[in-house]
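Take a look at the structure below.
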Ligand SMILES: Cc1cc2nc3c(=O)[nH]c(=O)nc-3n(C[C@H](O)[C@H](O)[C@H](O)COP(=O)(O)OP(=O)(O)OC[C@H]3O[C@@H](n4cnc5c(N)ncnc54)[C@H](O)[C@@H]3O)c2cc1C
Ligand code: FES
């Protein structure tokens, strides 16, 4: 095997490329990316980068790719894959042949129905270009309306407040963060936003969006109109599967892979936000994650398997979000939990442990100032991976070191 | 000439744990290994400037509390994400 092509130069693709070299792959590695930049980190786009950084925070500097002998083709997209001929066609008309192919095409923002997301005043946030455009519009006194009470919208709302903009956040459901975040944690987030002056409207339905030269507005079903300088739509992301689908690969809420990240086609693998995989710790349940560490873990795992390995996905899903000085971290998937045990810590920080009926730890969700909950969430993650049935009283007692429960 | 600085009493750090130590405008992380030896590193993660002392020590590894960047505190070597390089 001498040629590996990776499609999609994001966190996951970059991680896979370096992973191949770290594991001693000596053949050719080509990373193709549609964006103009070398792979960069997306999490800062809704957080600090919005405040300062004028350049994206690169996953690795250009020199590291050169040193590792990784060919990066930026500003080029792959238009089609020929699995039988083992080649891909590029947007500049060129072709690349491969022995093994990795798809790390990521995801894109779900557009608001009827709006492409291409306008300046009604936007989504996924790329460095999006962040720059949004930031230039967020001066003190400007009004930002965020559609969607998910992580990206909430982080952007927090950052916009720091920039002095007025913020209204609209959520169609009864509360913010319904996806994967337990209510007590979501309440802390909501109250903090309100204390910082963000107006949060939950349970409101949007009838239409409109844009003029001077502003953009949201018409609600109850007849109200919210007029803003800028509307950012944050209603989730859809995986970039078209390339794989057109090549005949199986799709199931993402490019479907097995526990080794292999797609339904020989010699083609997929990893990161674009793929759905059977989860190791949740009975093989097929899931697709949109998380930074998952992109790294799967990129690294894909590298090993592209080289002939048969490593299996065993990482516990993990996610964090920063809003103001609060950090939220979630390890595992709480679906199916029968019981919640709460651990209260200093300065209002707390962790909820989600247990099955027979006491196995499924997930842990924590929130607090700075890194208050980080260490215990990490230990919870290790307990989840180990299938531990921790003692409930010990979980609840902040004085008990969770490390001591790892063997339980 | 020796410039010893007292950091803390040995019983202020548990085995396989870490504390933060600030000295002359710099911040350090001071570790006690499972085999009961003491080590010190720069106090901040190389990814973003986060105090490693809030992280988790397992064997020879300190994990950053922010995004789980891993470092060997005995050798200073990075052991994986978040900053990819070879
Ligand atoms: C604003 C924002 C904030 C976030 N914050 C957090 C956070 O706090 N915590 C967290 O855990 N996660 C966070 N995430 C999620 C995290 O960034 C993603 O999970 C991660 O970027 C996924 O990496 P990926 O490489 O799989 O996909 P992507 O980063 O989406 O990269 C895929 C790349 O492939 C390219 N591509 C697609 N199709 C083609 C093609 N045909 N040819 C060539 N190139 C192609 C795309 O242009 C893109 O550059 C955040 C994401 C965003 C957008
Ligand atoms: S700040 Fe340490 S891993 Fe990111």
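Which members of region A:385-404 meet the condition of being closer than 19 Å to residue A:345 by Cα and surrounded by fewer than 20 Cβ atoms within 10 Å (Cβ to Cβ)? Give the steps one after another, and end with the answer.
Start the filter on region A:385-404 by keeping residues that are closer than 19 Å to residue A:345 by Cα, which leaves A:390-404.
Selection gives A:391, A:392, A:393, A:394, A:396, A:397, A:398, A:399, A:400, A:401, A:403, A:404.
Of the numbered conditions (1) more than 26 Å from residue A:63 (Cβ to Cβ); (2) touching a strand residue (DSSP E or B) at 6+ places or on another chain (Cβ under 8 Å); (3) away from chain A (no Cβ under 14 Å); (4) part of a loop (DSSP other than H, G, I, E, B), residue B:76 fails exactly one; give the number of that condition.
All conditions are met except number (1).
Which of (1) at positive phi; (2) touching a helix residue (DSSP H, G or I) at 6+ places or on another chain (Cβ under 9 Å) is the odd one out, the single condition residue A:93 does not satisfy?
(2) is the only condition that residue A:93 fails.
Taking residue A:394, is it over 25 Å from residue A:279 (Cα atoms) and part of a loop (DSSP other than H, G, I, E, B)?
no
Conditions: (1) more than 16 Å from ligand 2 (Cβ to nearest atom); (2) away from chain A (no Cβ under 14 Å). Residue B:34 meets all but one. Number of the miss?
If we test residue B:34 against (1) more than 16 Å from ligand 2 (Cβ to nearest atom); (2) away from chain A (no Cβ under 14 Å), just (2) comes out false.
Of these, A:56, A:44, which one is within 22 Å of residue A:137 (Cα to Cα) and either part of a helix (DSSP H, G or I) or in the same structural domain as residue A:133 (by TED's automatic domain parsing) (or both)?
A:44
So if I check each of A:45, A:20, A:58, which one is under 24 Å from the mean Cα position of the chain (by Cα) and within 24 Å of residue A:233 (Cβ to Cβ)?
Numbers: A:20 fails: within 24 Å of residue A:233 (Cβ to Cβ); A:58 fails: within 24 Å of residue A:233 (Cβ to Cβ).
Answer to the selection: A:45.
Which condition number in (1) part of a loop (DSSP other than H, G, I, E, B); (2) surrounded by 15 or more Cβ atoms within 10 Å (Cβ to Cβ); (3) in the same structural domain as residue A:271 (by TED's automatic domain parsing) is the one that residue A:92 fails?
(2)
Hey, could you check region A:12-32 for residues that are closer than 17 Å to residue A:293 by Cβ and more than 9 Å from chain B (Cβ to nearest Cβ) and say which is surrounded by the fewest Cβ atoms within 10 Å (Cβ to Cβ)?
My answer is A:13.
Would you confirm, using the coordinates I've provided, whether residue A:147 is more than 16 Å from ligand 2 (Cβ to nearest atom), under 23 Å from residue A:12 (Cβ atoms) and buried (at least 22 other Cβ atoms within 10 Å of the Cβ)? Walk me through how you get there before you give the answer.
On the way: more than 16 Å from ligand 2 (Cβ to nearest atom): yes; under 23 Å from residue A:12 (Cβ atoms): no; buried (at least 22 other Cβ atoms within 10 Å of the Cβ): yes.
Against the criterion (more than 16 Å from ligand 2 (Cβ to nearest atom), under 23 Å from residue A:12 (Cβ atoms) and buried (at least 22 other Cβ atoms within 10 Å of the Cβ)), residue A:147 does not qualify.
Provide a single number: the residues in region A:362-384 that are under 21 Å from residue A:346 (Cβ atoms) and in a strand (DSSP E or B).
Here the count works out to 6.
Just give me the residues in region A:99-130 being away from chain B (no Cβ under 14 Å), surrounded by 22 or more Cβ atoms within 10 Å (Cβ to Cβ) and within 11 Å of ligand 1 (Cβ to nearest atom), in sequence order.
Within region A:99-130, A:102, A:103, A:105, A:106, A:124, A:125 qualify.
Can you say whether residue A:47 is away from ligand 1 (no atom under 11 Å from the Cβ), within 13 Å of chain B (Cβ to nearest Cβ) and at pLDDT below 95, as far as the supplied structure shows?
no
Does residue A:338 meet the test of being touching a residue at least 24 places away in the same chain (Cβ under 8 Å) and either surrounded by 15 or more Cβ atoms within 10 Å (Cβ to Cβ) or outside the structural domain of residue A:280 (by TED's automatic domain parsing) (or both)?
For residue A:338, the condition - touching a residue at least 24 places away in the same chain (Cβ under 8 Å) and either surrounded by 15 or more Cβ atoms within 10 Å (Cβ to Cβ) or outside the structural domain of residue A:280 (by TED's automatic domain parsing) (or both) - is not met.
If you check residue A:333 against the conditions, is it farther than 27 Å from residue A:57 by Cα and within 17 Å of the chain's Cα centre (by Cα)?
yes
Can you tell me how many residues within region A:369-403 are on the phi > 0 side of the Ramachandran plot and either in contact with a helix residue (DSSP H, G or I) (Cβ under 6 Å, 6 or more places away or on another chain) or away from chain B (no Cβ under 11 Å) (or both)?
1
So which residues in region A:47-64 are buried (at least 18 other Cβ atoms within 10 Å of the Cβ) and under 28 Å from residue A:243 (Cα atoms), if there are any at all?
Result: A:56, A:59, A:60.
Starting from residues that are closer than 19 Å to residue A:328 by Cα, within 13 Å of the chain's Cα centre (by Cα) and buried (at least 22 other Cβ atoms within 10 Å of the Cβ), keep the ones in region B:46-67 and report whichever is nearest to the other protein chains (Cβ to nearest Cβ).
Filtering region B:46-67 for residues that are closer than 19 Å to residue A:328 by Cα, within 13 Å of the chain's Cα centre (by Cα) and buried (at least 22 other Cβ atoms within 10 Å of the Cβ), the one nearest to the other protein chains (Cβ to nearest Cβ) comes out as B:65.
Inside region A:227-328, counting only strands (runs of 3 or more DSSP E) that do not spill past its ends, which hold 2 or more residues that are within 16 Å of ligand 2 (Cβ to nearest atom) and buried (at least 16 other Cβ atoms within 10 Å of the Cβ)?
A:318-323
In region A:59-82, which residues are outside any loop (DSSP other than H, G, I, E, B) and either within 13 Å of chain B (Cβ to nearest Cβ) or within 16 Å of ligand 2 (Cβ to nearest atom) (or both)?
Start the filter on region A:59-82 by keeping residues that are outside any loop (DSSP other than H, G, I, E, B), which leaves A:62-68, A:70-74, A:78-82.
Once the filter is applied, which keeps residues that are outside any loop (DSSP other than H, G, I, E, B) and either within 13 Å of chain B (Cβ to nearest Cβ) or within 16 Å of ligand 2 (Cβ to nearest atom) (or both), region A:59-82 yields A:62, A:63, A:64, A:65, A:66, A:67, A:68, A:70, A:72.
The values are calculated or read from the model by the stated rules, or taken from the named source; none is laboratory data. On a predicted model such as this, the values are computed, not experimentally measured, just so you know. Positions of Cβ are generated from backbone atoms using ideal geometry, with glycine treated the same way; all protein chains shown enter the neighbour counts.
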